[in-house]
1. Being modelled with pLDDT of 95 or more, open to solvent by 40 Å² or more (accessible area, probe 1.4 Å) and more than 19 Å from the chain's Cα centre (by Cα) is true for just one of ALA259, ALA263, ALA239. Which residue is that?
2. Considering only residues of the range 26-39 that are assigned to a helix (DSSP H, G or I) and in contact with a Pro (Cβ under 9 Å, 6 or more places away or on another chain), which is surrounded by the fewest Cβ atoms within 10 Å (Cβ to Cβ)?
3. Starting from the range 65-79, take each residue that is in a strand (DSSP E or B) and list its partners that are open to solvent by 10 Å² or more (accessible area, probe 1.4 Å) and near the ligand (Cβ under 8 Å from one of its atoms), counting only C-beta distances under 6 angstrom and pairs at least six apart or across chains.
4. Please go through (1) open to solvent by 50 Å² or more (accessible area, probe 1.4 Å); (2) part of a helix (DSSP H, G or I); (3) at pLDDT 95 or above for PRO296 and return the number of the only condition it doesn't satisfy.
5. So LEU269 fits all but one of (1) surrounded by 14 or more Cβ atoms within 10 Å (Cβ to Cβ); (2) of a type outside the set (Asp, Glu); (3) in contact (Cβ under 8 Å) with a residue 60 or more places away in the chain; what number is the exception?
6. Of all residues in the range 249-267, which are within 19 Å of ASN147 (Cα to Cα) and in contact with a Ser or Thr (Cβ under 9 Å, 6 or more places away or on another chain)?
7. Would you mention how many residues in the range 121-167 are touching a residue at least 60 places away in the same chain (Cβ under 8 Å), within 13 Å of the ligand (Cβ to nearest atom) and out of contact with any His (no Cβ under 7 Å at 6 or more places or on another chain)?
8. Among GLY227, GLY205, which is the only one that is outside the structural domain of LEU292 (by TED's automatic domain parsing) and either farther than 30 Å from PRO168 by Cα or modelled with pLDDT under 95 (or both)?
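The values are calculated or read from the model by the stated rules, or taken from the named source; none is laboratory data. Not measured: the values here are computed from a predicted model. Positions of Cβ are backbone-derived with ideal geometry, glycine not excepted, and every protein chain shown enters the neighbour counts. Note: areas computed on protein heavy atoms with side chains; ligands, DNA, RNA excluded. Shrake-Rupley method; radii C 1.70, N 1.55, O 1.52, S 1.80 Å.
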Amino acid sequence: MVYFDHNATTPLCAEAREAWLKASEEAWMNPSSPYPAASRVRHALDAAREELAGHLDARPEEIVFTSGATEAANLVLGHFARQREQTLLIGATEHPCIRESAQSGVAKVDILPVQPQPDGRIAPLKLAERLRAKPRPALVAIMAANNETGTENDVEAIARVCREAQVPFLCDAVQWIGKRPLGALRHADGLLGSAHKFGGPKGVGFARLGAALGDLRGARGGQQEGGRRGGTENYPGIAAMVAALRSAQATVEDAQAIATREAWRSRFLERVRGLGFGVAGSEAANLWNTVLLLPPLGERMRWVMRLAKRGFAVSTGSACSTGRESASAVLQALGIPDATARRAIRISSGRESSESDWQALADAIECILADLSAEDAPATVVRI
Ligand code: PLP
């Protein structure tokens, strides 16, 4: 199986597997237990927190380990959503974990459209304009890169606009981390990340909570994570997440490696566009691994199943919307007509994907298009 669904989840990288096994064998005790053997786990946990904070240009106390980005989003937005007479401003293409946790309480939620940017980017000038209007939001949540289209936002400009307006800015960096340099994220007040999107295990992630977000509390029931998230820390998962990040950063910071991957994607785009496919996303700023294809014909599950038959794993938009009948909210926000959006398939490569994987995928797409065109062509009436 050639795997082109890395935005759904990535395989565990070798470094993460090794760190997880080592921690599970040697540091499995509860870090809150009082004896010296458990204190060693506490110290290892502190070291992991420090290393992650270092990558993010943050202070260790700002890091709260969670079970993933969904929990981290619920921690931050759930808190703001519970406040009466507050408005939260979120981007139109946010992941459901942002949208639904913002909408989970009594706070009002305003959606910042991505139009007039048809490529799905948030325009910092439009954001600045909105922040000058009333009611002034208590929080802005805008993602770094979109999980369906790969469209990247200008996080630095958005952070600047929010800082000038003195409104805290939360950035869902789940799809950015492991693909783009982390420096661009450093001015966001809050960040969310998830290990399984960059070669780490599932069920572990983090929130980086800057001082501007105030005193937030997530899961209750214990004093772990500075009282902000109760529950025994998943040290093996955390060790593996940090090892995965270290490993992913080596590729992300290698400009040549990234340029090569950009070129593979561009060649693929050229080929599929030549076959009549549309592509949603940004020409100017898109992740090097993601293509949201809009086939000229054929329903999306037909494409997914035909590609699976030929040995390729791709998805229909985001994994959490698989099986839903309606077109994705992201594509609706981009103004893509419903009939076209219902055909969309998402292709997302990984660090281990090769140029020949992209070429083989384009070959398979070309063959399937020919098959579907033949099958869907009206029957010819032969006159004798
Ligand atoms: N945010 C984005 C952009 C995502 O793509 C995902 C997962 O698909 C999440 C948040 C949720 O992450 P997790 O699986 O860690 O809950």
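1. Result: ALA259 is the single residue among ALA259, ALA263, ALA239 that is modelled with pLDDT of 95 or more, open to solvent by 40 Å² or more (accessible area, probe 1.4 Å) and more than 19 Å from the chain's Cα centre (by Cα).
2. SER39
3. From the range 65-79, no pairs qualify.
4. PRO296 satisfies every listed condition except (2).
5. The failed condition is (3).
6. ILE258, ARG261, ARG265
7. Result for the range 121-167: 9.
8. GLY227
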